Amino acid sequence: MQGLTMDDISLSIARNMFHLQVYESDGVRFEDLFSKIMYYKSPDFQQVKPYGNIGDRKNDGFIKGQGVYYQVYAPEDASNNVLAAVNK
């Protein structure tokens, strides 16, 4: 491991942990992970939670001052029908 500093190792571990979180998250867990990342990126980010039978109307979050809206698609179990998940 010559040439690597502790900072390089820590960064590599952090990246691997992040990748693992992304790969293991599905459905609501992925949407929550996305929102957590967006809160770090922009403190003005507002998460939209589903409400009753109208849901979130395809809006998972927004930054009002920038007029930016986000839609996240995360099926509960994409492995059941990968082609349908990709085509949605």
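Here ARG29 passes the criteria (1) surrounded by 10 or more Cβ atoms within 10 Å (Cβ to Cβ); (2) at pLDDT below 85 except the one numbered (2). Please determine whether any residue of the stretch 5-21 is outside any strand (DSSP E or B), in contact with a strand residue (DSSP E or B) (Cβ under 9 Å, 6 or more places away or on another chain) and at pLDDT below 90. No, every residue in the stretch 5-21 fails to be outside any strand (DSSP E or B), in contact with a strand residue (DSSP E or B) (Cβ under 9 Å, 6 or more places away or on another chain) and at pLDDT below 90.
The values are calculated or read from the model by the stated rules, or taken from the named source; none is laboratory data. In this text, all values refer to a predicted model and were calculated from it rather than measured experimentally. Using ideal geometry, Cβ is built from the backbone for each residue, glycine included, and neighbour counts are taken over all protein chains shown.
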